[in-house]
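See below for the structure under consideration.
Just so it is clear, none of the values below were taken in a lab; they were calculated from the coordinates. All values derive from a computational prediction rather than experimental measurement. Cβ: placed from backbone, ideal geometry, glycine included. Neighbour counts: every protein chain shown.
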Amino acid sequence: MKKAPVNKIIQFSNVDGPGNRTAIFFQGCTFNCMFCHNPETINMCRSCGICVPKCPAEALSTGTGGEVLWDFKKCVQCDTCIRLCPHDASPRVNWMSVEDVMQQVRRCAPYIDGITCSGGECTLQAGFMTELFREVRKLGKTCLIDSNGSFDFEKEPEVLEWSEGVMLDVKAVERGWSETLISDSGDMVLKNLEYLKKIGKLFEVRTIIFPGRDVENEYTVRYVAEKIGNACPYKIIRYRPFGVRERFQTIIGEDETDNNYAEKYARLARELGAAKAFVV
């Protein structure tokens, strides 16, 4: 039975796509974004054991093979373990089957519009998601993919057949800035931007605006706006430092993006044809 690492499931969310949705956050990511608000989802637990003696609820222990074990019944979600972790990981991961996830979705089904798979980077579990989406669609619910764009959707399009589309992050366009910001060239992201638009699966695009990065911000917004036009909403997201790892705040700044500053780029996007651009 295929299983996938699930960091958490939020039964009712109104920020992970339209309407009320169940959001499934998978563990593991292909990027290392400086501004990541949940860096504990980037890597799998290495079972280094640093967190075990520090857990105030004694919800962590060491298995016979040296692996870190998590007792969710004892856990009080204090986040001590993820604050201590030097590897951007979490011991609080459940390996779940499609049926395990569906049990939670069915309980919420009367009250939700659909599900959204996120992460980490959910496309690392593309095969699992395809099976999950098939089951969710039987309930008459919608399925969305929240992705950083590192997955080659054109080569493995099956997961898209069962989904309404992809909420795509375009974090940077210029290669040097992209490599600094997310530790990746971003080439696959830009390929996906065009491909998903072409096949009608580009549900929304999102770009974070950083204070004082006028050149980088404008370059990215111009590129995206000209590519997507009126195809989908374009979220211009204000950078917020809350939750960002301290070692990166010195590079990208500790100040939150001003709303008026972000609105300047939303206006630019609309002027360039992205009529659905707005600030969040």
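Values computed for the structure shown
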read-out	value
Whether the range 45-92 is rounded, prolate or oblate, judged on the alpha carbon gyration tensor where a/c under 1.5 counts as rounded	oblate
By average C-beta atoms within 10 angstrom, highest first, the peptides 101-108, 163-170	163-170, 101-108
Prolate/oblate/rounded label for the range 138-191 (Cα gyration tensor, a/c 1.5)	prolate
Net length gained if the chain between Thr62 and Glu226 were fully extended (0.36 nm per residue, minus Cα distance)	53.7 nm
Cα-based reach from Lys197 at 20 Å (exclusive), listing lysines while leaving out same-chain residues under 8 positions away	Lys155, Lys171, Lys227, Lys235, Lys276
In nm, spacing of pseudo-spin labels at Gln249 and Arg175 (7 Å Cα→C-beta vector)	3.4
Expected 222 nm ellipticity per residue - DSSP helices of 4 or more, -39500 (n - 2.57), all of the chain, to 500	-9000 deg cm²/dmol
Sum of side-chain charges, Glu99 neighbourhood, beta-carbon under 15 Å (Lys, Arg +1; Asp, Glu -1)	+3
Formal net charge of residues neighbouring Leu139 (Cβ-Cβ distance under 15 Å; K, R +1; D, E -1)	+2
Where no second cysteine Cβ lies under 4.7 Å, the cysteines concerned in the chain	Cys29, Cys45, Cys48, Cys55, Cys75, Cys78, Cys85, Cys108, Cys143, Cys232
Neighbourhood charge, 14 Å Cβ-Cβ cut-off, centred on Cys55 and excluding it, Lys, Arg +1 and Asp, Glu -1	+2
Among beta bridges that DSSP assigns inside the chain, antiparallel share in %, nearest 5	30
